[in-house]
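The structure appears below as structure tokens.
The values are calculated or read from the model by the stated rules, or taken from the named source; none is laboratory data. Quick caveat: nothing in here was measured; it's all calculated off a predicted structure. Here the Cβ positions follow ideal geometry from the backbone for every residue, glycine too, while neighbour counts run over all protein chains shown. SASA here: full protein model, heavy atoms, side chains in, ligands and nucleic acids out. Shrake-Rupley method; radii C 1.70, N 1.55, O 1.52, S 1.80 Å.
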Amino acid sequence: MKDFLSLSIANLLNEYIFVYDFLDSYDLKLKDDELSKSFREFFDSLDEDKLEEKGLSIDLLKEQFVNFMNAMTADADTIEELESITIVGGVNKYGEPENVELTIRKGEVICIVGPTGSGKSRLLADIEWLAQKDTPTRRQILINGKVPDKKRRFSIDHKMVAQLSQNMNFVMDLTVEEFVRMHAESRLIENADEKVSAIIDEANKLAGEQFQANTPVTSLSGGQSRALMIADTAILSRSPIILIDEIENAGIDRKKALELLVKEEKIVLMATHDPILALMGDRRLVIKNGGISKIIEVSEEERQHLPYLQALDEKLVSLRNQIRNGEILNE
Amino acid sequence: MKFITISGPPSSGKTSVILKVIESYKLQNQRCGVVKFDCLLTEDDKLYETKGIPVKKGLSGGLCPDHYFVSNVEACVEWGIELGLDLLISESAGLCNRCSPHIRGVTAVCVIDNLSGVNTPKKIGPMLKFADIVVITKGDIVSQAEREVFASRVKVVNPRAVIMHVNGITGQGAFELATVLNDTEDIDTLKGKQLRFSMPAALCSYCLGETRIGDAYQMGNVKKMDF
Ligand SMILES: Nc1nc2c(ncn2[C@@H]2O[C@H](COP(=O)(O)OP(=O)(O)OP(=O)(O)O)[C@@H](O)[C@H]2O)c(=O)[nH]1
Ligand SMILES: Nc1ncnc2c1ncn2[C@@H]1O[C@H](COP(=O)(O)OP(=O)(O)OP(=O)(O)O)[C@@H](O)[C@H]1O
Ligand SMILES: [Mg+2]
Ligand SMILES: [Mg+2]
Ligand SMILES: [Zn+2]
Ligand SMILES: [Zn+2]
């Protein structure tokens, strides 16, 4: 472990950009001639009375700084990349064993189906929480075939699941580019520019109507917001699993959206009863009474229904558009 | 009895989260109670009552609610023990970002919501910086990107905390939070325990920098709750 109090401030700022966040959050300002000092010297030079007004002291600051640096540098690299997850069955609501051991690999698309209250959300929560027989279902989740490192449960940098929810609101008032850039920067990655333009490109391929980098996110249509979020999550989110709660039909190419997520090596879990999406997946998990009761591999035979379903879907979309445009329905 | 302090900006979802966590405990036949601290008015006590949860409310009036909190928390713990609770939770709305109700040796939770804006974590101060667990709510109404940015902003303010996402309406994440809270040690009294962070100048002994809890240390303008 490094002695962060003794190293020069300039070096630390260079190596760890988050040192600025520490300074910001304690409202500390550095003068240029202080950069060659160490943080110990800098803290010692502060006015103890002024710190006391903020409830701080020199010792407390030093302690907080060391804690901060240790915690920020401890994480990341020690946790291994995810290749697969395995769900080891537990029991259903009646205490009957599930008898499954299911391994899902990067790039697979899985649909989760079952009536309301059957336990779909609980299964997803078990995966997100990396359940270790400590949830009501007694399921166990393995990563790369092994019991996961305890740290992974709480690491926000290794959050298992990113969620694309039904309502897609933006509360920030930024342009598309600023918005995506802020996300990229929060991840402290290096090629931010590249990622930002890739995301805007991909989003425009998914959205029916095009938008610009300087469009404010708050003025995107429902379909455009969805497209932007899917592209952003595919390319920038660190979470290996993407959970989709029904992709609505509204103005987005669902097939391309899934292809993008698969290309980015995500595991896609969809809670959906839409037959088109179900057939685009690799497998369906049928949930009943709180347990996985069946695993259906989508067969080529079943997939043959896809063109028919897509034609139906297009028909419905065109009828909807006629209504929207104030026309009279005519075949 | 286990004791946990939960604080957070007004309307961040504290009560919603507490209710969901208690539901989870009830399934394990654990008895839970709540003390709610606020400034002028709160309806939270009625919410807890309708769910059959024993509750006490303390209104600080003109005092900083956190100062009022520390003058009364010891009696609250005695009350909880007398009722035979397994878990007592204190809910306080951190109205002044300068104070924090967190006590050394008592699990401290800060609840903040995704809607409050990405710069809020930096502004919140000790209530967030000194928390063991940070619960982020209202993830359902923002995008995945905003959730990730917000969580990373929380992390740079308090990298040692366990950061959890809980939905106060559906309860998603509440079972997991309850599991983490269950690791809290039992206590019999708060006497002699210390605040994690001293409170600013005002009128009572705690305003003057006192951090020890107990009647012997309270002087000046101290307001007491009715039990
Ligand atoms: N959409 C959404 N709303 C939430 C969530 N959590 C809480 N709310 C709503 O936010 C509002 C405030 O929640 P409360 O639980 O009363 O917040 P509080 O922090 O206890 O508020 P005070 O005690 O008054 O400071 C309520 O209308 C809740 O229904 C959440 O995860 N998602
Ligand atoms: N194996 C199980 N053992 C005990 N309880 C379970 C089990 N599986 C699910 N539950 C509980 O059943 C309830 C309903 O499950 P859940 O919310 O996951 O259903 P759902 O399929 O997502 O429903 P909806 O379609 O309405 O969203 C939850 O309280 C969940 O914790
Ligand atoms: Mg559900
Ligand atoms: Mg409340
Ligand atoms: Zn205060
Ligand atoms: Zn005081």
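Of note:
For every residue, the table says whether it meets (1) within 14 Å of chain A (Cβ to nearest Cβ); (2) in contact (Cβ under 8 Å) with a residue 12 or more places away in the chain; (3) more than 9 Å from ligand 4 (Cβ to nearest atom).
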residue: B:Ser12; (1), (2), (3): no, yes, no
residue: B:Thr15; (1), (2), (3): no, yes, no
residue: B:Ile22; (1), (2), (3): no, yes, yes
residue: B:Lys36; (1), (2), (3): no, yes, no
residue: B:Cys39; (1), (2), (3): no, yes, yes
residue: B:Leu47; (1), (2), (3): no, yes, no
residue: B:Thr50; (1), (2), (3): no, no, yes
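- Residue count for region B:24-48 under the criterion of being open to solvent by 50 Å² or more (accessible area, probe 1.4 Å) and either assigned to a loop (DSSP other than H, G, I, E, B) or among the charged types (D, E, K, R) (or both): the result is 9.
- The strands (runs of 3 or more DSSP E) falling completely within region A:231-331 that include 3 or more residues that are open to solvent by less than 20 Å² (accessible area, probe 1.4 Å) map to A:241-245, A:267-271.
- The set of residues in region A:13-38 that are within 30 Å of the chain's Cα centre (by Cα) and part of a helix (DSSP H, G or I) comprises A:Leu13, A:Asn14, A:Glu15, A:Val19, A:Tyr20, A:Asp21, A:Phe22, A:Leu23, A:Asp24, A:Ser25.
- Counting residues in region B:16-23 that are away from ligand 1 (no atom under 14 Å from the Cβ), assigned to a helix (DSSP H, G or I) and β-branched (Val, Ile, Thr) gives zero.
- Candidates are the residues of region A:136-154 that are more than 8 Å from ligand 2 (Cβ to nearest atom) and facing another protein chain (nearest Cβ under 9 Å); the one that is surrounded by the fewest Cβ atoms within 10 Å (Cβ to Cβ) is A:Phe154.
- Looking only at region B:167-188, and only at residues there that are open to solvent by 60 Å² or more (accessible area, probe 1.4 Å) and among the β-branched types (Val, Ile, Thr), the one that is farthest from ligand 1 (Cβ to nearest atom): B:Thr170
- Where B:Lys123 falls short, out of the listed (1) within 16 Å of ligand 5 (Cβ to nearest atom); (2) buried (at least 17 other Cβ atoms within 10 Å of the Cβ); (3) of a type outside the set (Val, Ile, Thr): (2)
- Within the option set A:Asn204, A:Asn191, being assigned by TED's automatic domain parsing to the domain that holds A:Ile110 and surrounded by fewer than 16 Cβ atoms within 10 Å (Cβ to Cβ) holds for one residue only, A:Asn191.
- Index of the failed condition, A:Gly290 passing every other in (1) touching an Asp or Glu at 6+ places or on another chain (Cβ under 7 Å); (2) in contact (Cβ under 8 Å) with a residue 40 or more places away in the chain; (3) of a type outside the set (S, T, N, Q): (1)
- Residues satisfying the stated conditions in region A:159-188, i.e. more than 12 Å from chain B (Cβ to nearest Cβ) and either at pLDDT below 85 or in a strand (DSSP E or B) (or both): A:Thr175
- Qualifying residue in region A:192-203 (condition: in a helix (DSSP H, G or I), modelled with pLDDT under 90 and under 19 Å from A:Lys256 (Cα atoms)): no
- Inside region A:89-121, residues that are under 25 Å from A:Pro240 (Cβ atoms) and more than 11 Å from ligand 3 (Cβ to nearest atom) make up a count of 16.
- Single condition B:Leu87 does not satisfy, out of (1) farther than 21 Å from B:Val134 by Cβ; (2) under 14 Å from the mean Cα position of the chain (by Cα); (3) modelled with pLDDT of 90 or more: (1)
- When A:Thr86 is tested against (1) without any contact (Cβ under 8 Å) to a residue 60 or more places away in the chain; (2) open to solvent by 70 Å² or more (accessible area, probe 1.4 Å); (3) under 30 Å from A:Leu269 (Cα atoms), exactly one condition is not met: (2).
- The residue that is nearest to ligand 6 (Cβ to nearest atom), among those in region B:193-227 that are modelled with pLDDT of 80 or more, more than 14 Å from chain A (Cβ to nearest Cβ) and open to solvent by less than 50 Å² (accessible area, probe 1.4 Å), is B:Ile213.
- Any hit, region B:63-83, residues being at pLDDT below 90 and not in a helix (DSSP H, G or I): yes
- Of all residue pairs spaced 6 or more apart or on separate chains, those with beta-carbon atoms under 7 Å, a first member in region A:111-125 that is in the same structural domain as A:Gly281 (by TED's automatic domain parsing) and a second member that is of a type outside the set (Asp, Glu) and near ligand 3 (Cβ under 8 Å from one of its atoms) are A:Ile112/A:Lys120; A:Ile112/A:Ala271; A:Gly114/A:Lys120; A:Lys120/A:Ala271.
- Failed item in (1) touching a residue at least 40 places away in the same chain (Cβ under 8 Å); (2) open to solvent by 10 Å² or more (accessible area, probe 1.4 Å); (3) over 30 Å from A:Arg320 (Cβ atoms), with A:Ser165 passing the rest: (3)
- The set of residues in region A:189-224 being away from chain B (no Cβ under 14 Å) and of a type in the set (Val, Ile, Thr) consists of A:Thr215 alone.
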